[in-house]
Structures are given as C-alpha cells and as structure tokens.
Amino acid sequence: MSADIRDVLLVDDDANLRLIVQMSLEGLTDWNVRVAARGEEALLLAAERTPDLVLLDIMMPDLDGITVFTELRRLHPTLPVIFITAKVQTQEIRHYKNLGAAGVIIKPFDPMKVVDEIRKILT
C-alpha cells in the first residue's frame with residue numbers, strides 16, 4: 001500500500017509539527033505533502049484533489065479530527081487515514097481503529113522514524 005502513496009494530506013493545528021513532518025516526509029520519500037491547519041481547510045483540500053493518505057490530528061480548534069475523519073470517510077470511503085494524537089489510552093486507540101482509521105501515531109514521535117511508522121501501519 002505505501003508504495004502507492006504520492007500525495008499526503010497532513011492536518012494539524014500545530015505549525016511546528018506540520019513543518020517538521022512535512023520536511024521529514026518530503027526529505028525521506030518522494031511524497032508530495034499538502035498541509036492544513038484546520039479541519040475545514042483539510043476538507044477543501046481533499047475535495048480539490050483526493051490524497052493517497054491523510055495524517056490527521058484529533059484535537060483541533062474548529063472541526064475535531066473525528067468530525068473531519070467522518071466527512072472524509074463519507075466522501076472517500078477507502079481513503080487511508082492515520083490519526084496523530086497524544087490521546088493514547090487503550091480504549092481511545094481501539095475507538096479510532098473501530099471507526100475505520102488505518103492506525104494511530106502517538107505524539108510525541110521521532111520525525112525521522114515517522115515514514116517507517118506510516119509504512120508499518122499501511123502494510
């Protein structure tokens with residue numbers, strides 16, 4: 001699955017995290033990374049051009065990650081979405097996966113290892 005990734009949509013309200021993850025993904029792969037700081041912006045970008053993968057923060061100020069995920073899933077039922085979150089209780093991770101998320105990357109994480117984490121989740 002990960003070999004098919006060309007276009008990644010990264011959604012997080014933390015500007016530093018967006019920059020670090022974008023630099024890491026683009027530096028370690030040939031993926032194009034588009035970024036969104038808010039849920040509504042993410043939905044607009046996904047409607048404009050369907051990404052191959054979405055990396056989605058759970059806690060954001062306008063639309064939270066679950067709401068964005070639900071709308072993305074409605075528009076693109078097979079689109080892989082990986083949540084990025086610091087909310088790591090076992091029942092929360094189980095809930096995200098039960099919703100249909102491909103997986104969860106736990107904050108904080110090593111930006112140099114995030115590509116490996118993504119590939120592991122998607123295989």
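The values are calculated or read from the model by the stated rules, or taken from the named source; none is laboratory data. Note that the structure is predicted; figures quoted are calculated from it, not measured. Cβ coordinates were reconstructed from backbone atoms using ideal geometry, including for glycine residues, and neighbour counts include every protein chain displayed. Surface areas here come from the heavy atoms of the whole protein model, side chains and all, with no ligands, DNA or RNA. Shrake-Rupley method; radii C 1.70, N 1.55, O 1.52, S 1.80 Å.
List of remarks:
- For the chain, the 222 nm mean residue ellipticity estimated from helices alone, with every DSSP H stretch of n ≥ 4 adding -39500 (n - 2.57) and the total spread over all residues, rounds to -13000 deg cm²/dmol.
- Distance between the 7 Å Cα→Cβ label points at residue 123 and residue 15: 3.7 nm.
- Accessible surface calculations at 1.4 Å, restricted to protein heavy atoms, place the range 5-123 at 51 Å² per residue.
- Of the GluC sites (Glu not before Pro) found in the range 34-98, none is in coil by DSSP with at most 13 other Cβ atoms within 10 Å of its Cβ.
- Portion, in percent, of the accessible area of the chain that falls on carbon or sulfur, probe 1.4 Å: 54
- Here the alpha carbons of the range 41-97 define both size measures, Rg and Dmax, at 11.3, 35 Å.
- On the basis of the beta-carbon distance and an R0 of 30 Å, residue 87 and residue 30 show a calculated FRET efficiency of 0.45.
- Debye intensity ratio I(q)/I(0), log10, the chain, q values 0.10, 0.14, 0.16, 0.19 Å⁻¹ (C-alpha model): -0.25, -0.51, -0.68, -1.02
- Of the trypsin sites (Lys or Arg not before Pro) in the range 1-86, those whose Cβ has at most 12 other Cβ within 10 Å and which sit in DSSP loop: 6, 49
- Relative contact order %, the chain, counting alpha carbon pairs below 8 Å whose residues are six or more apart: 26
- Inter-site label distance for residue 94 and residue 76 at 7 Å from Cα along Cβ, in nm: 3.0
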